[in-house]
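The values are calculated or read from the model by the stated rules, or taken from the named source; none is laboratory data. This structure is a prediction, so every number in the text was calculated from the model and none was measured. We place every Cβ from the backbone using ideal geometry, glycine too, and count neighbours over all the protein chains shown.
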Amino acid sequence: MKNAARANRLSCESFGLAVVLAVLALVLNQLDAYPDGAPVSSCKYWSPWHEPYTEPVSSIPPYSIKTYMDVVRPNALVPVCLFGQEPFKGFMLQAITTDGDVVGTFELRDQDKGRVQLMNCSTMGTMDTVCHTEKNHKKVQSFRWRAPTDYEGQIVFRAVIVRNYSIFWRNLESLPFQIKLDVDN
Ligand SMILES: *[C@@H]1O[C@H](CO)[C@@H](O)[C@H](O)[C@H]1NC(C)=O
Ligand SMILES: *[C@@H]1O[C@H](CO)[C@@H](O)[C@H](O)[C@H]1NC(C)=O
């Protein structure tokens, strides 16, 4: 049971472990840049690597990322939700600018403790990426994301979704929304 559970591990920490040897130099390099030991290979490759290595599925994912506002102010708290027509086991979620910079900060609620964890994918150390720690099957997962104070412009959430041990998508994106200082309301 314990071994089976371990073999099924799809946690953040295991992202990238399968290729650690192959990219040891690279990883060491990055650990250097991230002394807190964030699992940076999954950030860099945006991929939940595990053995046996599988390519992401390129079909339209049976998942969606919902945001509820078209325009928010800098520093606004933005609800965001992952929905599945099929259950999923794992995910990574982050917000990117039009330049592809990972921005903002996920804020955990009490109910999130032990279920999800935060990562620093950008060098800003702002807890800009959230991923699962629980490997149960789920169809809905909600989050709160704090918009950056120093960016105005378009934001898109993107996610890697792990269906199970052999199937994952990394082409899931939300509809774009804007961060704007002057919001009429
Ligand atoms: C992310 O960066 C912040 C600021 O440097 C640090 O306090 C935090 O421990 C880091 N978190 C992780 C998971 O690496
Ligand atoms: C993974 O999910 C797909 C699609 O639902 C299914 O066909 C496949 O049998 C599953 N594989 C495993 C190892 O559970």
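Report every pair of residues separated by at least 6 positions or lying on different chains whose Cβ atoms are under 9 Å apart, first residue within the range 116-129 and under 18 Å from Phe91 (Cβ atoms) and touching a residue at least 24 places away in the same chain (Cβ under 8 Å), second within 16 Å of ligand 2 (Cβ to nearest atom) and not in a loop (DSSP other than H, G, I, E, B).
Val116/Phe91
Please find, within the range 117-154, the residue that is surrounded by the most Cβ atoms within 10 Å (Cβ to Cβ) out of those that are charged (D, E, K, R) and within 21 Å of Ser41 (Cβ to Cβ). Let's see the steps before the verdict.
Residues of the range 117-154 charged (D, E, K, R): 128, 134-135, 138-139, 144, 146, 150, 152.
Checking the rest, the ones that are also within 21 Å of Ser41 (Cβ to Cβ) come to 128, 135.
Details: Asp128: 25, Lys135: 14.
Taking the candidates together, the pick is Asp128.
Cβ-Cβ under 6 Å, sequence separation 6+ or interchain: first residue in the range 84-96 and under 17 Å from Ile60 (Cβ atoms), partner of a type in the set (A, V, I, L, M, F, W, C) and surrounded by fewer than 19 Cβ atoms within 10 Å (Cβ to Cβ). Which pairs?
Partner pairs satisfying both residue conditions: none exist.
May I ask you to verify whether Phe157 is surrounded by fewer than 19 Cβ atoms within 10 Å (Cβ to Cβ), aromatic (Phe, Trp, Tyr) and assigned to a strand (DSSP E or B)? Quick ask: steps written out before the conclusion?
Working: surrounded by fewer than 19 Cβ atoms within 10 Å (Cβ to Cβ): no; aromatic (Phe, Trp, Tyr): yes; assigned to a strand (DSSP E or B): yes.
The answer is no for Phe157.
Out of everything in the range 160-185 that is of a type in the set (Val, Ile, Thr) and within 16 Å of ligand 2 (Cβ to nearest atom), what residue ends up being modelled with the lowest pLDDT?
Going through the range 160-185, the residues of a type in the set (Val, Ile, Thr) turn out to be 160-162, 167, 179, 183.
Right, trim to within 16 Å of ligand 2 (Cβ to nearest atom) and you get 160-162, 167.
On the way: Val160: 92, Ile161: 91, Val162: 89, Ile167: 86.
It comes out as Ile167.
Based on what the data block shows, is Pro61 surrounded by fewer than 19 Cβ atoms within 10 Å (Cβ to Cβ) and either modelled with pLDDT under 90 or over 14 Å from the mean Cα position of the chain (by Cα) (or both)?
Details: surrounded by fewer than 19 Cβ atoms within 10 Å (Cβ to Cβ): no; either modelled with pLDDT under 90 or over 14 Å from the mean Cα position of the chain (by Cα) (or both): yes.
So Pro61 fails the test.
Working only within the range 144-185, note down all residues that are more than 24 Å from Pro56 (Cα to Cα) and of a type in the set (A, V, I, L, M, F, W, C). Explain how you work it out, then say what you get.
Taking the range 144-185 as the starting set, the residues that turn out to be more than 24 Å from Pro56 (Cα to Cα) are 144-154, 177-185.
Correct list: Trp145, Ala147, Phe177, Ile179, Leu181, Val183.
Can you tell me which residues in the range 53-69 are under 21 Å from Gln141 (Cα atoms) and among the aromatic types (Phe, Trp, Tyr)?
Of everything in the range 53-69, those that are under 21 Å from Gln141 (Cα atoms) and among the aromatic types (Phe, Trp, Tyr) turn out to be Tyr63, Tyr68.
Taking the range 95-139 only, how many residues are charged (D, E, K, R), under 15 Å from Asn75 (Cα atoms) and part of a strand (DSSP E or B)?
Filtering the range 95-139 down to residues charged (D, E, K, R) leaves 99, 101, 107, 109-110, 112-113, 115, 128, 134-135, 138-139.
Restricting the remaining residues to those that are under 15 Å from Asn75 (Cα atoms) gives 107, 128.
Next, only the ones that are part of a strand (DSSP E or B) stay: 107.
So the answer is 1.
Pairs please, first residue from the range 167-180 and in contact (Cβ under 8 Å) with a residue 12 or more places away in the chain, second anywhere and within 16 Å of ligand 2 (Cβ to nearest atom) and of a type in the set (Phe, Trp, Tyr), Cβ atoms under 8 Å, 6+ apart in sequence or on different chains.
Trp169/Tyr63; Leu172/Tyr63
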